[in-house]
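Written out below as structure tokens is the structure these notes cover.
The values are calculated or read from the model by the stated rules, or taken from the named source; none is laboratory data. The structure displayed is predicted, hence computed values, not measured ones. Cβ placement follows ideal geometry from the backbone for every residue including glycine, while neighbour counts extend to all protein chains displayed.
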Amino acid sequence: MINKLDIFNKFHDYYDEFREDRSNTIKRLKKLYPTPANLTDDEKLFIVMWGKDSFPLLSYLRLKLNNTEKTNNYLEFYNQNLNNAINKYDNIKIDSILHRRVFNDFFIEDVGKIGIFEIPLSITFDSNSNLEFGDFHITILAPIGTNGAYIEELMHDESYSQHLNEWLFPQKTRYKTLFKDYESKEAIIIILGDEKYEI
């Protein structure tokens, strides 16, 4: 099953570290992926807005809601600044296992297929921090160099404590589905980029 995938064992899982010493694990991740010094005020603002409530932007991007032109322009500005900010962060420095939970169904492609996240996507280093977000568990293998942003430090700086050790993928992130099982409600995907792994 899942644990028999050879590639799975080559990625670092933070599960034990979060269980044993959550505070120091977060400190290590913040040191590894600090907030970039060159973020603009708008970029900081929209990362924090996303961290507090991603629903308004996601609703716009997914549904293309029939908003006013002014609202659409604002949401496009939000989305542009969010993606610009993500791209200023350091990429994944250690082959890492990340997690996402969803309700009702998987939203990923079938096994062996390549997909693209058309929206920014939040996931976490801590597999138990988002249990309330659904029964379907997607394990994400993020090789070194995977683009994204660890927004924990910025959220903490803005005195927002309900953080999830969140890693944020930009739009157009590519992945391949390695495993998907509806009975166990588990799936594994690998993020694609400059691959060093044979998939």
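Some observations on this one:
- Criterion: assigned to a loop (DSSP other than H, G, I, E, B) and either of a type in the set (A, V, I, L, M, F, W, C) or at positive phi (or both) - qualifying residue of Asn67, Asn104: Asn104
- Only listed residue being free of Cβ contacts under 8 Å to residues at least 40 places away in the same chain, more than 12 Å from Leu164 (Cα to Cα) and among the hydrophobic types (A, V, I, L, M, F, W, C), chosen from Phe133, Phe103: Phe103
- For region 30-47, filtering for residues that are in contact (Cβ under 8 Å) with a residue 12 or more places away in the chain and in a loop (DSSP other than H, G, I, E, B) leaves 7.
- All of Ser23, Ser96 fail the test of being among the hydroxyl-bearing types (Ser, Thr, Tyr) and closer than 26 Å to Lys185 by Cβ, apart from Ser96.
- Region 188-199, subset within 30 Å of Thr35 (Cβ to Cβ) and surrounded by fewer than 18 Cβ atoms within 10 Å (Cβ to Cβ), residue modelled with the highest pLDDT: Leu192
- Within region 137-187, being surrounded by 17 or more Cβ atoms within 10 Å (Cβ to Cβ) and touching a Pro at 6+ places or on another chain (Cβ under 9 Å) holds for Asn147, Gly148, Ala149, Tyr150, Glu153, Leu168, Phe169, Pro170, Thr173.
- The single residue among Glu69, Glu76 that is more than 30 Å from Pro143 (Cα to Cα) and exposed (fewer than 14 other Cβ atoms within 10 Å of the Cβ) turns out to be Glu69.
The rows are residues; the columns are (1) of a type outside the set (D, E, K, R); (2) out of contact with any helix residue (DSSP H, G or I) (no Cβ under 6 Å at 6 or more places or on another chain).
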| residue | (1), (2) |
| --- | --- |
| Asp6 | no, yes |
| Asp13 | no, yes |
| Phe18 | yes, no |
| Leu29 | yes, yes |
| Phe55 | yes, yes |
| Ser59 | yes, yes |
| Arg62 | no, yes |
| Asn81 | yes, no |
| Val111 | yes, yes |
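Yes or no, residue by residue, for (1) farther than 18 Å from Ile151 by Cα; (2) touching a residue at least 40 places away in the same chain (Cβ under 8 Å); (3) outside any strand (DSSP E or B):
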| residue | (1), (2), (3) |
| --- | --- |
| Lys88 | no, yes, yes |
| Asn91 | no, yes, yes |
| Leu98 | no, yes, no |
| Glu109 | yes, yes, yes |
| Ile116 | yes, yes, no |
| Ile119 | no, yes, yes |
| Ile123 | no, yes, no |
| Ser127 | no, yes, yes |
